[in-house]
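Structure record follows, encoded as structure tokens.
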Amino acid sequence: MDCFRLIIKNSVAVILLKIANLIWSKTESSISEIIDSGYPYLQYLFLRFKYSWEEYEQQRIPKTFRRFYAAILISLNAWFNIIFLTIYSNTESSIWINLKDIEKIIDCERFDLLVIAFVILFGIGEYTWFCYFRQAITYKMFTHKIIYKNLHFDDTRLATNYRRYIFIHHLFIKISAHLCGAFIITGIIVAYVIDTYIVIQAYINNQITIGKLTLCFFIFPSLAIQFISIITMLLAGTFASSFFVEFLKIRMKQFYIFLKHNESSKNIPKLKFNWNCIHREYVELYDETALFDKSISFALLNMETASKILSITACVFYSRQTKMSPTNTMIMLGISLAFVYTAILYSRLVFAPKYNHHYCRLLLNRMARKSIVKYHNRHKNLIIKSNLFIQTMSDNHFGFHCGQIFFITKFQVVELFMMNLPLIILFYKKICMAK
């Protein structure tokens, strides 16, 4: 126990020193430096291999075993776990521990439901990774396009307070990434130690044989690596998306303030100048948002699918418990995090339609005031062009999508949340009545 307490104490000390080093060390001084320094980490943690800007732009990424070594090993480990858990959940053998024995050891019922859920989640995770991996090696990756487009972003386009906010947000992401990494590693180690203790105790109590104990020591590290891989990929994508979401949000907010300040302009030459600026900035924001939407919509669809599977699994798993023990309580809390995570993620992506609505309203009000002024013929083309452009703004789906299922708005997020609760309750009642 003293050794375990010492390990935790040293781990906390290392984490605090790392955070202090991040806060007081020299941070990136521009958005370009943030992107350039962070993109290699996203490549390695999400795609499981790295490449340079030149290799991708010149389409010369080496297709060698050495380059894809980590990706191949992690993928093989994932498919080994998927195949093993599929066989394990459908067959009984004297080689491994029976599911009923595991349920007695950990004091919970219907552990097979969790095994099936893990198989599906591992499959979804590997399918998601493979699709992005294929995009990268075929040079069709939308994520790279939007990152490369902003690699040489001019910081002077943002106000000083907005630049400061972006840098603070980036520092927060770095600290959160280190904390999450430390918690994940610590959690996996603790879970591995607890599982090892449980199976050893079961062996001492003659509940399992030495062969089953040996197989457990072989399977546990493989499962731990797979969990670390899935969670790391999820967190790497989340933190990278968080930075670009805030980056786009700040630019949209600044554009909104620009429109408000110039709304009362009555000068025709100024109107023309402002309209050219408005058109250029809006089209650029729309283009980058569309690129970012294409890069994350597929991941959002898979996460929504995983969230629904876990919600149904939690419902059925809970209905089959005869009593609540610490084990099944922790399992239920862990599964609930998936639903909470997707809800928070959607709530962070509803800003684009809101700002688009504000843009449209401000420009319509402005054009309505200008319509009572008689213009010279040379300004009519500008007015017609402006009216046509504003008409397209209200229904251009400026924002993000969950695959091709739905467009993410505040109303849609609330509706999705309100629909999930009755479905889960109805499903739970059906299971209870079936019992």
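Each value in this text was obtained by applying a stated rule to the coordinates, not by laboratory testing. Owing to the predicted nature of the structure, the values given are computational and were not obtained by experimental measurement. A quick note on method: Cβ atoms are made from the backbone with ideal geometry, for glycine too, and the neighbour counts reach across all protein chains shown.
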So for the range 52-196, taking the charge dipole from beta-carbon charges (+1 Lys/Arg, -1 Asp/Glu), which of 160, 142, 194 sits furthest toward the positive end? 160
Cut-off under 19 Å on the C-alpha distance; same-chain residues fewer than 8 positions from residue 253 excluded. Which aspartates and glutamates are left, in chain and number order? 154, 155, 263, 281, 284, 287, 288, 293
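Do any trypsin sites (Lys or Arg not before Pro) in the range 73-177 lie in a DSSP loop with no more than 16 other beta carbon atoms within 10 Å, and if so, which?
Numbers: sites: 100, 104, 110, 134, 140, 145, 149, 157, 163, 164, 174; in loops: 110, 140.
For trypsin sites (Lys or Arg not before Pro) across the range 73-177 that sit outside H, G, I, E and B with at most 16 neighbouring Cβ atoms in 10 Å, the list reads 140.
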Return the subset of 260/294; 249/294; 149/249; 100/212; 149/410; 149/294 for which the Cα-Cα distance in this structure is over 19 Å, preserving the input order. 260/294; 149/410
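Quick one: dipole size for the range 29-249, taken about the Cα centre, charges +1 on Lys/Arg Cβ and -1 on Asp/Glu Cβ, in debye to the nearest 20. Mind dumping the intermediate values first?
Numbers: 19 positive and 16 negative charges, 137 e Å.
Using Cβ point charges on Lys, Arg, Asp and Glu, the range 29-249 gives about 660 debye.
Where the only charges are on Cβ atoms (+1 Lys, Arg; -1 Asp, Glu), what is the dipole of the range 141-183 about its Cα centre, to the nearest 20 debye?
60
For Cα pairs less than 8 Å apart in space and 6+ apart in sequence, what is the mean separation divided by the residue count of the range 29-249, i.e. the relative contact order in percent? Don't jump to the answer; show the numbers that get you there.
Details: 126 pairs, mean separation 74.2, N = 221.
Relative contact order, the range 29-249: 34 percent.
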Between the range 214-260 and the range 275-323, how far is it from one alpha carbon centroid to the other, in angstrom? 12
What residue among 131, 151, 70 has its Cα farthest toward the positive end of the dipole of the range 29-249, where the charges are +1 on Lys, Arg and -1 on Asp, Glu, each on the Cβ? 151
Coil-residue GluC sites (Glu not before Pro) of the range 54-159, DSSP, other Cβ within 10 Å capped at 12: 92
